[in-house]
Amino acid sequence: MKNIAIAGTGYVGLVTGVCLADIGHDVICVDQDHHKISTLNNGYPPIYEPGLNELMLKNMEEGRLRFTTSPSIGFKSAEIIMITVETPQNEIGSLDLQYIEQISKEIGRSIKRNNVIVVTKSTVPVGTNAKIKNWIQSEMQSSLKFQIVSNPEFISQGSAIYDTFHGDRIIIGSDSKEALHSLEELYQPFGIPIFKTDTNSAELIKVASNSFLALKISYVNALVSICEHVGGNIEDVSFGMGMDSRIGSSFLKAGVGFGGSCLPKDTHALVKMGNDVGEAINLIEEVIEVNKRQELKLVKKALNRFQSLRGKKVALLGLSFKPNTDDIREAVSIKLAKRLVQEGAIVIAYDPVSIPNVKKVLGKLISYADTVEQALMNADLTFIVTEWDEIKNVPLNLFHELMKEPVIFDGRNCFQLEAIKKYPVEYYSIGRPNVIGEINTVLQNKGS
């Protein structure tokens, strides 16, 4: 088993560190955020991820997992150092590498042993690992040798622990056969197929994979308006498409668009990479544009129904960018909340776990509810934005019993139309017929 240092304790770093410790490696996670490390040392992860807290505590108690704010302590004995720091998108669509540069130089100052393997798990543009090598060398005070490996992550928030232990593949890219062999040994206990390639190809695989997933989402969302105008049902369309094994059913679910830290960032990054080499990727640019249009589709539907939202109380159900996470990066809910307030609406929001994060962004711009029932009380309309199980399982009678007007705009198609028809509500979903009123008729969405 190996001594591993993880640089960064965000979603990727913490999950990676915990899971590697669980298969027997000695792991120390390094982060210069003193509050975060103090919280971790007290046994509390700073992020919400199903199963993470229990697995973290188990490996801390068994002595395989530690946390420190000191790079010199964290890196000095490590055989493998994994870079997992953020690479946020800047204003022109590029990935900001300032944190990568900072930690690379810190690694150069801190490593004390020969043949350390530095692994990049952060999402980076093609060619970044060569820069990392130069940044490390620029701070080294000795002639120690080290190797660079690109090892992009493919975990999803909300299922990150499961994804780590049951992933489809592990990608490792390096010019060093010895480093590739070491990474194979590291990951062997997971029993997941490992694909070895060069560094640049490994970097591109991550961005290309996420951009393709985004393409599937935007493709089905582009069909939504056609379905709404001709009276089709997007769920039937996507299901029929997905029955073709060449297409598959994953990522063909219509909704109000994708968010999070990966798909928006990686699509913009791929477009920027293409422009940098003189190859415009217009297809991915259109994926981004479709997603932008989809994000505010519920507002458009609400305005079509009410003409004005001024003074209307809106219950906003679900705030995280997807279920089972408290991550609100690029969350559609944030954009919807801001637009609703601009339209003069009074917004009260509910989410099982992400309200503390939303308060940091929206503050007192909106109100917050402790329960779904509290959010629905006397609301004029409801927006469903995140398909948490708790929200999908809300008894449908609560909408007409608690709301002033039981008008629902469902951005994730949480409810079956046949079930909705049994209740005196107005129900507008994405790419499906509307259910209107107590007479329980289903009308076409023309013009929605």
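Would you calculate, for the chain, the mean residue ellipticity at 222 nm contributed by helices, counting each DSSP H stretch of 4 or more residues as -39,500 (n - 2.57) and dividing by all residues, to the nearest 500? Don't skip to the answer; put the middle values down first.
Values: 20 runs with 194 residues, N = 448.
For the chain, the value works out to -12500 deg cm²/dmol.
When peptides 34-41, 122-129, 336-343 are sorted by average Cβ neighbour count within 10 Å, with the highest value leading, the order is 122-129, 336-343, 34-41. For the peptides 403-416, 164-177, the ranking by packing is 403-416, 164-177, with the highest mean count of neighbouring Cβ atoms within 10 Å listed first.
Over the chain, what is the percentage of antiparallel beta bridges among all DSSP beta bridges, to the nearest 5?
Values: 6 of 49 bridges.
Counting only bridges with both partners in the chain, antiparallel ones make up about 10 percent.
Size descriptors for region 1-58: radius of gyration and Dmax over Cα atoms are 10.5, 30 Å. Derived from the Cα gyration tensor, the three semi-axes of the equivalent ellipsoid of region 48-169 are 26, 21, 13 Å, largest first.
With all pairs of different C-alpha atoms in the average, the Kirkwood value for the hydrodynamic radius of region 138-207 is 13.3 Å.
Starting from the Cα-Cα distance between Leu303 and Met243, subtract it from 0.36 nm times their residue separation and give me the gain in nm to one decimal. Please report the intermediate quantities before stating the final value.
Working: separation 60, 0.36 × 60 = 21.60 nm, distance 3.58 nm.
Value of the extension gain: 18.0 nm.
Membrane-span-like helices in the chain, defined here as complete DSSP H runs extending at least 24 Å along the helix axis by their C-alpha atoms with mean Kyte-Doolittle hydropathy no lower than 0.0, are 199-222; this is a sequence and geometry rule, not a statement about a membrane. Extension gain, Glu61 to Lys112, is 15.6 nm, computed as 0.36 nm per intervening residue step minus the present C-alpha separation. Using only Cα coordinates, the Kirkwood hydrodynamic radius of region 341-426 works out to 13.6 Å. Between (i) 71, 36, 18; (ii) 44, 24, 19; (iii) 36, 28, 22, which matches semi-axes √(5λ) of the Cα gyration tensor in Å calculated for the structure shown? Correct label, based on the coordinates given: (ii). Between Ser94 and Ile436, the modelled label-to-label distance comes to 5.2 nm, taking each label 7 Å out from Cα in the direction of the beta carbon.
Quick one: of the DSSP bridges fully inside region 3-196, what percent are antiparallel, nearest 5?
Values: 2 of 27 bridges.
Approximately 5 percent, going by the DSSP bridge assignments.
Using a 10 Å cut-off on Cβ atoms, rank the peptides 138-149, 74-85 from the highest mean neighbour count down. Provide the component values of the computation, followed by the final result.
On the way: 138-149: 14.4, 74-85: 22.7.
By packing density, highest mean first, the sequence is 74-85, 138-149.
Every number in this text was worked out from the coordinates using simple rules, so none of it is lab data. These numbers come from a predicted model, not from an experiment. For neighbour counting, all protein chains shown are included, and Cβ atoms are generated from backbone atoms with ideal geometry for every residue, glycine included.
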